[in-house]
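Encoded as structure tokens, the structure appears first; notes follow it.
The values are calculated or read from the model by the stated rules, or taken from the named source; none is laboratory data. These numbers come from a predicted model, not from an experiment. Note: ideal-geometry Cβ built from the backbone for every residue, glycine included; neighbour counts use all protein chains shown. Just so you know, the surface numbers come from the protein's heavy atoms only, side chains and all, with ligands and any DNA or RNA stripped out. Shrake-Rupley method; radii C 1.70, N 1.55, O 1.52, S 1.80 Å.
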Amino acid sequence: MVSILVARGLVIPVCLVWAGEVVSSLFTDGHTLKILTLAGTANYPYLDAPIDALKRKAGNVTYYATDSFPSGLTAAAGDVAIVFINSDSGENQDTVEGNNGDRSSSGLYAWHNGDALVEAAAALYSTVIVVVHTVGPIIVENWIDLPSVKALVFAHLPGQEAGDSLTDILFGDYSPSGHLPYSIPHAESDYPSSVSLVGFEFFQVQDTFSEGLYIDYRYLNKHSIAPRYAFGHGLSYTTFGRSSVTITAVTALSSTPPERPAKGTTPTYSTAIPPASEVAWPTGFDKIWRYLYPYLDDPESISSTGTFSYPTGYQTTPQPDPPAGGDHGGNPALWDVMFTLSVNVTNTGSVAGKDVVMLFVQYPSDNPWDTPIIQLRAFEKTATLGVGGSEVVTLNITRKDVSIWDVVSQNWIIPVSSSEPFLFWIGDSSANLTLACESLSKTCSDGRPSPV
């Protein structure tokens, strides 16, 4: 579950109890709670809907299911409006409310007039909480800075526990600890051009991946574009301090991995031709268009005589083992731990909560490959820490984490430098990197200027 509250321009992920006491008092001291929602549907074993959970928590709830702001509403001092908006998507050739494949019609804005609904609520109510059910980032610029919008919860697709998962955060029962799995930009044009790709050929989006590694925060950092909320951003109802960070070299760096294991023996298979009935279409079978099935239209044409004609360029002579292979996921040495970093996390706030520690890698400045400024390579979440509680978080960096795929040698290469170190940055988002460790000196420090 990942939910994010945005309070007074700050983003707070799910499990964070920001302003919990304030919000809870607004819901329980007799003020009216009005809820505006945009409908959605799914098949669940059961559904604990947000409206049901809110009614269990608050005694005075008025509910509207509408895409436009109801007329004739009045707001008493202290009333709270919760506005639910959403952004769904199509799926391949399936069109959902004018959006085929992805959000080709609505772009990255809320569906169903969602932005206007928030703006209308913010014009009437002094306290508005926006809950977003979405498949990905949406643009929030039309209303995020309105003074009445006090919090934003990115609930994403919460499933059958949508109700309690929301009220647990809004009423302060739990402190949010979720973090954004993407950046939220100021405008769709802040993203690479492929985000707007809607061209189809044979019902498939054609993407040449010309942006390479530069997607989301890696693209934004490269072009010095500041997002509204950074990748990994998330707040908590409490605060955390990180200290006593250390780095330990586990395996010596080498440019290429150790030699891969040799291939095993080639399996042998029966060459017997199966009966035609085994590969014929079952009687009455309901085919789904464009799916591939293991049946033949003319099974009687199968023959064991003749020589198979291999496609042009196909070789039957065994070739040398690819150096990057050797097992599931490639050469097993790619998963060797090269460095271990440890950091002490302390709950410095006034309520219990969990912290998330993220580790980003910055390659040596003299490496000849084109690499993003920083790349997320590891993250861990603490257990629930009571007030003043601490936990040592350990993060491992593998060979693959510091390697670059070289298309010429077809292998994973570490850009080893004798003078320029790898920098390992620790923080809680791509825009909040507070601690740094060097691979060469094995020293760590805080206060170092952030690379982004």
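What pairs can you find where one residue is in the range 120-133 and under 11 Å from residue 83 (Cα atoms) and open to solvent by 50 Å² or more (accessible area, probe 1.4 Å), the other is at pLDDT 95 or above and in a loop (DSSP other than H, G, I, E, B), and their Cβ atoms are less than 9 Å apart, with a gap of 6+ or different chains?
none
Specify the residue that is farthest from residue 401 (Cα to Cα); the eligible residues are those in the range 345-386 that are part of a loop (DSSP other than H, G, I, E, B) and of a type in the set (S, T, N, Q). Don't jump to the end; show me each part of the working.
Taking the range 345-386 as the starting set, the residues that turn out to be part of a loop (DSSP other than H, G, I, E, B) are 348-352, 354-355, 363-374, 382-384, 386.
Subsequent filtering for residues that are of a type in the set (S, T, N, Q) retains 348, 350, 365, 367, 371, 382, 384.
Numbers: 348: 31, 350: 36, 365: 17, 367: 15, 371: 13, 382: 22, 384: 28 Å.
Top of the filtered list is 350.
What are the residues in the range 230-250 that are in a strand (DSSP E or B) and closer than 18 Å to residue 355 by Cα, if any?
Matches in the range 230-250: 240, 241, 242, 243, 244, 245.
Have a look at 288, 273 and point out the one that is more than 42 Å from the chain's Cα centre (by Cα), of a type in the set (A, V, I, L, M) and open to solvent by 80 Å² or more (accessible area, probe 1.4 Å).
273
Which one of these does residue 210 not meet: (1) over 30 Å from residue 151 (Cβ atoms); (2) at pLDDT below 95; (3) of a type outside the set (A, V, I, L, M); (4) surrounded by 15 or more Cβ atoms within 10 Å (Cβ to Cβ)?
Answer for residue 210: the failing condition is (4).
Can you confirm whether the range 398-405 contains a residue that is touching a Phe, Trp or Tyr at 6+ places or on another chain (Cβ under 6 Å), in contact (Cβ under 8 Å) with a residue 24 or more places away in the chain and closer than 30 Å to residue 347 by Cα?
Taking every residue of the range 398-405 in turn, at least one turns out to be touching a Phe, Trp or Tyr at 6+ places or on another chain (Cβ under 6 Å), in contact (Cβ under 8 Å) with a residue 24 or more places away in the chain and closer than 30 Å to residue 347 by Cα.
Can you tell me which residue in the range 390-404 is surrounded by the fewest Cβ atoms within 10 Å (Cβ to Cβ), limited to those that are of a type in the set (A, V, I, L, M, F, W, C), assigned to a strand (DSSP E or B) and within 23 Å of the chain's Cα centre (by Cα)? Working first, answer last.
Keep residues of the range 390-404 that are of a type in the set (A, V, I, L, M, F, W, C), which gives 392-393, 395, 397, 402, 404.
Filter once more, keeping what is assigned to a strand (DSSP E or B): 392-393, 395, 397, 404.
Subset that is within 23 Å of the chain's Cα centre (by Cα): 393, 395, 397, 404.
Values: 393: 21, 395: 21, 397: 24, 404: 17.
So the residue we want is 404.
Which of the residues spanning the range 69-93 are closer than 21 Å to residue 126 by Cβ and either part of a helix (DSSP H, G or I) or among the hydroxyl-bearing types (Ser, Thr, Tyr) (or both)?
Within the range 69-93, 71, 74 meet the criteria.
Kindly indicate whether residue 406 is farther than 26 Å from residue 180 by Cβ and of a type in the set (D, E, K, R).
Criteria met by residue 406.
Within the range 409-452, restricting attention to residues that are in a strand (DSSP E or B) and of a type in the set (Val, Ile, Thr), which residue is least open to solvent (accessible area, probe 1.4 Å)?
Here the residue is 426.
I need a count of the residues in the range 110-119 that are open to solvent by 30 Å² or more (accessible area, probe 1.4 Å) and either touching a Leu at 6+ places or on another chain (Cβ under 8 Å) or assigned to a loop (DSSP other than H, G, I, E, B) (or both).
3
Exactly one of these conditions fails for residue 242: (1) surrounded by fewer than 16 Cβ atoms within 10 Å (Cβ to Cβ); (2) among the charged types (D, E, K, R); (3) closer than 24 Å to residue 424 by Cβ. Give me its number.
(1)
Looking at the range 327-344 only, could you name the residues that are open to solvent by 20 Å² or more (accessible area, probe 1.4 Å) and assigned to a loop (DSSP other than H, G, I, E, B)?
327, 328, 329, 336
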